[in-house]
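Undergrad: Pasting in a structure now, in structure tokens, and then I'll have a few things to ask.
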Amino acid sequence: VEGVDGYELSRSESKEGPFEIVSTLEGQNRNVFVSSKQPVGSVKYYRVRAYVLVNGVKQYGEYSELMGHKAVLEQAQLNSVTVDSSDPTKRVVQWEKVPYADGYELEWAGTPDGSYELVKNITSGDTTSFVSSGQEVGSVKYYRIRAYRVTEGQVGYGPYSEIKHNEPGNISIPTPQMVRVEVRPEDATKR
């Protein structure tokens with residue numbers, strides 16, 4: 001801004017505030033500020049206002065329009081996919097919590113390179129497991145997951161996890177019961 005003596009930059013973790021002063025930049029050409037060491041996935045909102053010095057006292061102009069940025073989320077880590085020991089039709093999927101995530105999208109496919117489809121939109125960033133019921137006994141499914149965060153009505157996604165699958169599990173085949181063996185009366189050569 002022409003003719004000013006500097007700028008005051010403030011930020012908040014929400015659009016409503018409270019805002020705190022991050023830096024005072026002296027000189028009208030000081031129009032860039034780098035904020036380092038912000039937590040991965042965090043979202044900050046920034047505003048700036050110019051000032052002029054009148055008899056050594058800062059006189060401020062209006063604040064700029066509020067600006068935010070989209071969250072950058074870590075890659076989700078899918079830990080394991082197992083068959084429930086008490087029910088071979090259930091798959092238990094477990095992952096690590098992603099900081100600042102609002103939720104997760106869990107997808108599966110029948111093969112590692114298959115077409116993945118959404119299993120569940122998990123709407124809590126604190127949830128770290130899901131049980132998929134009604135699977136065919138002995139079937140193998142391939143899973144992947146990604147975290148998401150909602151900011152100003154926009155959904156931002158992190159990268160997909162590595163793909164994990166379950167082992168077939170114990171396939172229980174019942175033992176057939178032999179009822180009887182007899183000789184046919186009409187033909188003694190048949191059993």
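Undergrad: Which links in LYS37/LYS70; LYS120/LYS141; LYS15/LYS120; LYS90/LYS120; LYS37/LYS164 stretch past 25 Å when you go from one Cα to the other?
TA: With Cα atoms farther than 25 Å apart: LYS15/LYS120; LYS37/LYS164.
Undergrad: Could you sort 83-92, 151-160, 110-119 so that the peptide with the highest average Cβ count within 10 Å comes first and the rest follow in order?
TA: 83-92, 151-160, 110-119
Undergrad: How many nm separate the modelled label positions at TYR160 and MET67, each set 7 Å beyond the Cα in the direction of the Cβ?
TA: For the pair TYR160/MET67, the computed spacing is 3.4 nm.
Undergrad: Could I ask something else about it? For the chain, which whole-number percentage of the solvent-accessible area (1.4 Å probe, protein heavy atoms only) is attributable to carbon and sulfur atoms?
TA: Result for the chain: 48 percent of the exposed heavy-atom area is carbon or sulfur.
Undergrad: While we're here: Which residue, TYR116, THR151, THR189, has the largest displacement toward the positive end of the dipole of region 71-191 when charges sit on each Cβ (Lys, Arg +1; Asp, Glu -1)?
TA: THR189
Undergrad: What percent do you get for the relative contact order of the chain when only Cα pairs under 8 Å and 6+ apart count?
TA: Answer for the chain is 17 percent.
Undergrad: Quick one: pull the percentage of alpha-carbon pairs in region 86-178 with a separation above 15 Å.
TA: 63 percent
Undergrad: While we're here: Compute from the Cα atoms of region 34-131 the Rg and the Dmax, the latter being the longest Cα-Cα distance, and quote both in angstrom.
TA: Values for region 34-131 (Cα only, Rg and Dmax): 23.0, 80 Å.
Undergrad: Per residue, how many Å² of accessible area does region 9-91 show with a 1.4 Å probe?
TA: Counting only protein heavy atoms, the per-residue value for region 9-91 is 66 Å².
Undergrad: Suppose every K and R has +1 on its Cβ and every D and E has -1 on its Cβ; what is the size of the dipole of the chain about the Cα centre, in Debye to the nearest 20?
TA: 340 debye
Undergrad: Select one label from [x] 52, 33, 33; [y] 52, 45, 40; [z] 125, 27, 25: the one whose number is Cα extents along the principal axes in Å as derived from the coordinates shown.
TA: [z]
Undergrad: Note the full-extension length gain between GLN38 and VAL52 as 0.36 nm times their separation in residues minus their Cα-Cα distance, in nm to one decimal.
TA: 2.0 nm
The values are calculated or read from the model by the stated rules, or taken from the named source; none is laboratory data. Bear in mind the structure is a predicted one, so any value in this text is a computation, not a measurement. A quick note on method: Cβ atoms are made from the backbone with ideal geometry, for glycine too, and the neighbour counts reach across all protein chains shown. What goes into the accessible areas is simple: the full protein's heavy atoms, side chains included, and nothing from ligands, DNA or RNA. Shrake-Rupley method; radii C 1.70, N 1.55, O 1.52, S 1.80 Å.
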